[in-house]
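Asks: This is the structure, below, for whatever I ask next.
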């Protein structure tokens, strides 16, 4: 078998499908760190059934699915397919004839894994069994994962044993043994459970037998009741059917009468409808004339309104004409006044134009004079500006010096303030440092107190937990006791119920006595049986039963007459025989025994307890009976004269008055009434006691539950308090760390502030020196400023005089300009007013023309309206004449209709009388229908009752029924009442007892068979485990010895001059012994494996793995960076071992070592061309 191909899809970093075709020999997977090399090994481990997520370097199984990267989206499924080739050997099990086998595993996000062998779904167990015994698997020596090679030698001896078992092929036997052990434990549990069930079924079977007999009798009576009720139901059904036929005939006769009257009424109604139709035609004519009348009236109304409207419009037109004429007159007067105003405004405009011409000439001459003054002023300004520029330069220098002085003063002030601030901050930081020191001391003290509180709470929590565990333990004991009490009480209650039913049903007596007691007319007639009135201690039950025997079943009656009636009843019904004991008996007149007899015996009557009213019966039955300690003593006393009674021993052996001996083993009677009675009393007492104890235990349980709840709450509170304290302590620790950090910062800050203060003092001295130099320069500049001020003052006076002359001339010119502008504005306003007035005059003329046109329109409208009014008045006269004619015709038609209405009312009254008669007949028919339905309903109810009660179709069984006479009905009714009374006297009957008995009996047989089968299965499993243990011991011992030899040779080859040996931790127990390693490195003393270096551990582990491989080569070997801890020399040694192993096994290894790569026949390079996605490149070196 060899690994032929591996297909990886969506597994970890292999997002896209990757196919790896492995070759024979050595296959190496190489690549940089983090590119996904080890994911190839994880894929092989995963497909072989690895379930440990940690071994796959994940936290949950979904982590094996590609989760996306910067360049690719995540996928929802991971699948790995491993293709194995037989390579000349056969596969295990049913796959032996195949040349290739594929094993695959697929997982979907949020889903379960799916395993397949040759694409056929299978179980994880099938995968494990396929590899079992081959040395291959997710946890075998054929797969050495990254970083675990050195831990192999440090593993526990029990874990190291697993590799030897895999090499020995014992793992499959061990798996089968574990399965057999689990089956054996399950079988034992099943046997225990079946024994309990079988015991319970047997106890139930005994109780259900009595109930089944009672149910059988009950079913017989119920069957007789059913047959009687069916006969009575058929009789009632037949009578109801006859009544239904008679009612149906009467209903048919009445229906015929109804039909005849209905036909007559329909003829009348037809004639009435014809009259109504004619009346409707007349009504339509009246309606049409009425409509015509309304239309004439409406037309008259419209004409009258039109005339009135036309007259109103004529009045409005006349008024509008007069108004327009008045407005025309007003406009003519306004036109003449506008012409006068226009002429005046034109004259004013001409005067203003002449005045403006003169002002413009004066204004030109003044402008020339001002220009000359401005040129002189500009000369003065030029020289003044030159001096001002010099003055500004002086002032700028002076301002600069002043600014420097102010800046230096400000800097010196700032230096003083900074120095003060630094001093103040130093003081504040020192105060803060002292404050933090105090807080740290408080926090330290508080932390110590909280640690003490935590310790105290831990002790209190431990105490509370102990109390809680103790209470839970007590609760468990109480619950077990309650369960035991319930089981015991249930068992005894069941026994008590059975005995009580046995006693109440008188099943111990014969049928005659039972019937007499059950059918007694008065409760005071019979007083039960003799056994009911005698209380006997347990130790004397056998003696009393032996003496009385069947007399215990004697029925106690009130007197002998009642006994005679009971005997007659037995004779009449042939119910057998019975014995009856009257309460008043003739007892013994004197004792029949002497004092000599009482020396060795005593009267049995003294040992029993009897009620006062029944003492005569006890005296009669037991008065001549003596109790002797043994039958030998009794014989001795019998031989003495003077006593003619019976001797009895406590064991029940008797000597009759005639000397007949009775005794032996077993009870004196078939059914011990006294024992049953005593057992019932004891069970009542015991059940009562158990009920009280159960109640006490339940109360105790409630107390314990309450205590558990209280302790639990207290424990939770303590945990919460401890948690809060831990939080507070963590807060205090964080505060301490913060305060300590702040203290360090404050000390550093104080040192910095002291340094800054020294620098400020130095800078302040330099600023004072520079201030003195600047002040001297300021004095020189101030002298130059004074000289320039005097020169500028002279030029300013000359400039002011020039500006005054210019201003006076400019003011004169301004006044002339204002006057000129005013005249121009006034002229323009007059011209605009003339234009407006001319426009108003033209508008006035247009309005006059429009008003004259409106006057002409009004006159024309008035003429048209006058003509329309005359036409409407003519039409109105014609409408009045039509209205009078229409009203006359309408009155004649209404009179004719009133006469027809009278005839219609007479016809309707006749029809109403017929309908009344018809309703009476219909009511009678309805009553008959109701009676028919009642009969039918009674028949249906009877059928339903019979169907529900007896599951019989009553109509179906009426075919062959013959009516029964009244005497037979009375007899059946009496029998039915008697049977019902019998059913009531049965009391509670378990009708399912017959089925339950059959089921329980069948179940009892089934359980017996199952127990036998389980015992046989248990024996078979035990034999199987013994055989597996024998094979496992032999194979393990053989493999261990061979591997130990190989390990010694391999270790000596790896460590020349060294010694390595495998040891068993317990040679006497080969099934469980661990495997230890004894190693001595050359040049060193023997030491523990844990003290070896990393390389030495790796080499020792490699020696062990290759020793196992030499003895039992695996089809393929997978090594994940096993050579990582080896130096060059040991790497070469490792490579030689790899070549040796590759001759028998296919090797797949992951490595970074170039020397190791040289050994490989095929190289597979894993890269990440895209971020987070692994891809593969393969190179065959041969």
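The values are calculated or read from the model by the stated rules, or taken from the named source; none is laboratory data. In this text the structure is predicted, and so the values were computed from the model without any measurement. All Cβ positions, glycine included, derive from the backbone under ideal geometry; neighbour counts span all protein chains shown.
Asks: Select from the stretch 33-55 the residues that are over 20 Å from residue 125 (Cβ atoms) and in contact with a helix residue (DSSP H, G or I) (Cβ under 6 Å, 6 or more places away or on another chain) and list them in ascending order.
Replies: Going residue by residue through the stretch 33-55, those that are over 20 Å from residue 125 (Cβ atoms) are 33-43, 54.
Across the stretch 33-55, the qualifying residue is only 42.
Asks: Continuing with the same structure: What strands (runs of 3 or more DSSP E) completely inside the stretch 1080-1182 contain at least 1 residues that are in contact with a strand residue (DSSP E or B) (Cβ under 8 Å, 6 or more places away or on another chain) and surrounded by fewer than 19 Cβ atoms within 10 Å (Cβ to Cβ)? First the steps, then the outcome.
Replies: On the way: elements: 1116-1120, 1146-1150, 1162-1170, 1173-1180.
Where strands (runs of 3 or more DSSP E) fall fully within the stretch 1080-1182 and carry at least 1 residues being in contact with a strand residue (DSSP E or B) (Cβ under 8 Å, 6 or more places away or on another chain) and surrounded by fewer than 19 Cβ atoms within 10 Å (Cβ to Cβ), they are 1162-1170, 1173-1180.
Asks: Now for a separate question. Determine the pairs where a residue that is free of Cβ contacts under 8 Å to residues at least 12 places away in the same chain, located within the stretch 236-265, has a partner that is in a helix (DSSP H, G or I) with Cβ atoms under 9 Å apart, the partner being 6 or more residues away or on another chain.
Replies: Pairs found: none.
Asks: Next question. In the stretch 722-759, how many residues are closer than 30 Å to residue 474 by Cα and surrounded by 13 or more Cβ atoms within 10 Å (Cβ to Cβ)?
Replies: So the answer is 1.
Asks: Separate question: Answer yes or no as to whether residue 881 is surrounded by fewer than 14 Cβ atoms within 10 Å (Cβ to Cβ) and under 30 Å from residue 284 (Cβ atoms).
Replies: So residue 881 passes the test.
Asks: Could I ask something else about it? Being in contact (Cβ under 8 Å) with a residue 12 or more places away in the chain and more than 30 Å from residue 286 (Cβ to Cβ) narrows it down to one residue among 851, 894; which is it?
Replies: 851
Asks: Residue 1071 is checked against (1) modelled with pLDDT under 80; (2) at positive phi; (3) within 52 Å of the chain's Cα centre (by Cα) and fails just one. What number does that condition carry?
Replies: Among (1) modelled with pLDDT under 80; (2) at positive phi; (3) within 52 Å of the chain's Cα centre (by Cα), the lone unmet condition for residue 1071 is (2).
Asks: Does the stretch 3-17 contain any residue that is within 26 Å of residue 1172 (Cα to Cα), free of Cβ contacts under 8 Å to residues at least 40 places away in the same chain and surrounded by fewer than 15 Cβ atoms within 10 Å (Cβ to Cβ)? Spell out how you get there, then give the answer.
Replies: Residues of the stretch 3-17 within 26 Å of residue 1172 (Cα to Cα): 5-17.
The next check asks that each one be free of Cβ contacts under 8 Å to residues at least 40 places away in the same chain; those that pass are 17.
Going one step further and asking which of them are surrounded by fewer than 15 Cβ atoms within 10 Å (Cβ to Cβ), we end up with 17.
Taking every residue of the stretch 3-17 in turn, at least one turns out to be within 26 Å of residue 1172 (Cα to Cα), free of Cβ contacts under 8 Å to residues at least 40 places away in the same chain and surrounded by fewer than 15 Cβ atoms within 10 Å (Cβ to Cβ).
Asks: Modelled with pLDDT of 80 or more and either within 30 Å of residue 222 (Cα to Cα) or exposed (fewer than 12 other Cβ atoms within 10 Å of the Cβ) (or both): is that true of residue 916 in this structure?
Replies: For residue 916, the condition - modelled with pLDDT of 80 or more and either within 30 Å of residue 222 (Cα to Cα) or exposed (fewer than 12 other Cβ atoms within 10 Å of the Cβ) (or both) - is met.
Asks: May I ask you to list the residues in the stretch 56-95 that are outside any loop (DSSP other than H, G, I, E, B) and touching a helix residue (DSSP H, G or I) at 6+ places or on another chain (Cβ under 8 Å)?
Replies: Scanning the stretch 56-95 gives 56, 63, 64, 78, 80, 81, 82, 93, 95.
Asks: From 639, 703, 719, grab the single residue that is over 30 Å from residue 490 (Cα atoms), surrounded by fewer than 15 Cβ atoms within 10 Å (Cβ to Cβ) and modelled with pLDDT of 80 or more. Give the derivation first.
Replies: Working: 639 fails: modelled with pLDDT of 80 or more; 703 fails: over 30 Å from residue 490 (Cα atoms).
One residue alone meets the criteria, 719.
Asks: May I ask you to verify whether residue 306 is within 30 Å of residue 872 (Cα to Cα) and surrounded by 11 or more Cβ atoms within 10 Å (Cβ to Cβ)? First the steps, then the outcome.
Replies: Numbers: within 30 Å of residue 872 (Cα to Cα): yes; surrounded by 11 or more Cβ atoms within 10 Å (Cβ to Cβ): yes.
Spelling it out, residue 306 is indeed within 30 Å of residue 872 (Cα to Cα) and surrounded by 11 or more Cβ atoms within 10 Å (Cβ to Cβ).
The rows are residues; the columns are (1) touching a strand residue (DSSP E or B) at 6+ places or on another chain (Cβ under 9 Å); (2) in a loop (DSSP other than H, G, I, E, B); (3) surrounded by 13 or more Cβ atoms within 10 Å (Cβ to Cβ).
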{"site": "972", "(1), (2), (3)": "no, no, yes"}
{"site": "1003", "(1), (2), (3)": "no, no, yes"}
{"site": "1014", "(1), (2), (3)": "no, no, yes"}
{"site": "1060", "(1), (2), (3)": "yes, no, yes"}
{"site": "1071", "(1), (2), (3)": "no, yes, yes"}
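Asks: Any idea which of 464, 455 is closer than 30 Å to residue 709 by Cα and either surrounded by 13 or more Cβ atoms within 10 Å (Cβ to Cβ) or at pLDDT below 85 (or both)?
Replies: Just a single option satisfies the conditions, and that option is 464.
Asks: Given the condition over 60 Å from the mean Cα position of the chain (by Cα), within 28 Å of residue 681 (Cβ to Cβ), assigned to a strand (DSSP E or B) and at pLDDT 75 or above, answer yes or no: does some residue in the stretch 587-602 qualify?
Replies: For the stretch 587-602, residues over 60 Å from the mean Cα position of the chain (by Cα), within 28 Å of residue 681 (Cβ to Cβ), assigned to a strand (DSSP E or B) and at pLDDT 75 or above: present.
Rundown of residues vs (1) under 36 Å from the mean Cα position of the chain (by Cα); (2) within 27 Å of residue 1110 (Cα to Cα); (3) assigned to a strand (DSSP E or B); (4) modelled with pLDDT of 80 or more, yes/no style:
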position	(1), (2), (3), (4)
101	no, yes, yes, yes
110	yes, no, no, no
116	yes, no, yes, yes
130	no, yes, no, yes
133	no, yes, no, no
137	no, yes, no, no
140	no, yes, no, no
147	no, yes, no, no
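Asks: Quick one: residue 50 ticks every box in (1) farther than 22 Å from residue 1168 by Cα; (2) in contact with a strand residue (DSSP E or B) (Cβ under 6 Å, 6 or more places away or on another chain); (3) crowded, with 18+ Cβ neighbours inside 10 Å bar one, so which box is it?
Replies: The single condition residue 50 does not satisfy is (2).
Asks: Another question, then. Looking at the stretch 552-570, I want the residues that are within 18 Å of residue 619 (Cβ to Cβ) and have a partner that is in a helix (DSSP H, G or I) with Cβ atoms under 6 Å, at least 6 apart or on another chain. Which pairs are those?
Replies: Close Cβ pairs (under 6 Å, with a partner that is in a helix (DSSP H, G or I)) amount to 552/530; 552/531; 552/673; 554/530; 557/563.
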